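Comments concern the structure below.
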Amino acid sequence: MINYIKKMFNQNSKDKSKLLAEIGRIYAQVPQDFGGGCSIEKALAMSLLIKEFNLQNTVDIGVYRGRSLFPQAIAHKLFSNGIVYGIDPYTKEAANQSDYPEIQKELDEFVSTTDFQKLFDDVSLIINENYKENCILIRKKSSDAVADFKQDSKQLDMVHIDGNHDTKFVMDDVENYLPLLSEKSFIVLDDISWKSVEPAIILLNKEMNFVTQKVDKQNDFAIFSKGLSKDEVIGLKNKIDTEIS
Ligand SMILES: C[S@@+](CC[C@H](N)C(=O)[O-])C[C@H]1O[C@@H](n2cnc3c(N)ncnc32)[C@H](O)[C@@H]1O
């Protein structure tokens, strides 16, 4: 296995403790609920990728309260000095979903009772107080924000896709953001057990290399890579699985 992957993660357990302490501090302020949530395992997987591959530009599609955004900001702040771009329009209209009929009532009730302006204000405040240098919140739909990245010729090292889960929007996210990926890069796809997300998994399996997935009570995500050799993918899978087991 390639040497740098062999050494990954375990070379500095002090760094990992620092990372976990800061994620824990922020998670205490940002609860999980029906509208969203990012487990400590997924947070750790994404932030370790940022640290170990020194990722510079990462994107969080679907910010909600920020549980997947802030761990990336923390990893950039502590290790890579990069930036995470959080993308979320924070509107009722964009949050409507209709491809999961079994929970339609809950989905509709969530949208009608959620104060999206307050969510945006709360996340903005946490960024301003903690992660101004390493986190930019873009209040747009992911399909609109992609034009900004293109205009700036920005290459993306990791994209976490957790916006609208209806098939049309997940597919738009994968198709729009795949061309922006840098040479060595990652996509983390959430809610992989949703039927509506299946076509996105099929496309990602064609275009990238599947690294690993975690599906249990707290987790429902898969990680794909681009630009790593077969051996590197296997090595990375083993490392991540060990870290988040
Ligand atoms: C499941 S939540 C995200 C949870 C979040 N990642 C976390 O870790 O808690 C989905 C979010 O996607 C946002 N959203 C809906 N349509 C979107 C779009 N077209 N582009 C970006 N975000 C979108 C919603 O406003 C909502 O905040």
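Give the number of residues within the range 191-225 that are basic (Lys, Arg) and crowded, with 17+ Cβ neighbours inside 10 Å.
Within the range 191-225, the subset basic (Lys, Arg) is 195, 206, 214, 217.
Next, only the ones that are crowded, with 17+ Cβ neighbours inside 10 Å stay: 214.
Adding up the residues that qualify gives 1.
When Asp108 is evaluated against the numbered criteria (1) more than 10 Å from the ligand (Cβ to nearest atom); (2) closer than 18 Å to Asp172 by Cα, which criterion, by number, is the only one it fails?
Going through (1) more than 10 Å from the ligand (Cβ to nearest atom); (2) closer than 18 Å to Asp172 by Cα one by one, Asp108 breaks only (2).
Can you pull out the residues in the range 25-37 that are without any contact (Cβ under 8 Å) to a residue 60 or more places away in the chain and touching a helix residue (DSSP H, G or I) at 6+ places or on another chain (Cβ under 8 Å)?
Selection gives Tyr27 alone.
Restricting to the range 9-63, name every residue that is more than 16 Å from the ligand (Cβ to nearest atom) and not in a helix (DSSP H, G or I).
Within the range 9-63, Phe9, Asn10, Gln11, Asn12, Phe53, Asn54, Leu55, Gln56, Asn57 qualify.
Could you grab me the full set of residues in the range 149-200 that are part of a loop (DSSP other than H, G, I, E, B), more than 12 Å from the ligand (Cβ to nearest atom) and among the charged types (D, E, K, R)? First the steps, then the outcome.
Restricting attention to the range 149-200, the residues satisfying the condition of being part of a loop (DSSP other than H, G, I, E, B) are 152-155, 162-166, 191-194.
Checking which are more than 12 Å from the ligand (Cβ to nearest atom) leaves us with 152-155, 192-193.
Scanning the range 149-200 gives Asp152, Lys154.
Any residue in the range 225-245 that's on the phi > 0 side of the Ramachandran plot and free of Cβ contacts under 8 Å to residues at least 60 places away in the same chain: show its pairings with residues that are surrounded by 19 or more Cβ atoms within 10 Å (Cβ to Cβ) and among the small types (Gly, Ala, Ser) at Cβ separation under 9 Å, as long as the two are six or more apart or on different chains.
Sorted first by the residue in the range 225-245, then by its partner, the pairs are Gly227/Ser185.
Report every pair of residues separated by at least 6 positions or lying on different chains whose Cβ atoms are under 6 Å apart, first residue within the range 68-91 and under 12 Å from Ile23 (Cβ atoms), second part of a loop (DSSP other than H, G, I, E, B) and away from the ligand (no atom under 12 Å from the Cβ).
Ala73/Asn134; Lys77/Asn134
Any read-out appearing in this document is the output of simple, stated calculations on the displayed coordinates, not a laboratory observation. This one's a predicted model, so the numbers in the text were calculated from it and none came from an experiment. No Cβ is skipped: glycine too gets one built from the backbone with ideal geometry, and neighbour counts run over all protein chains shown.
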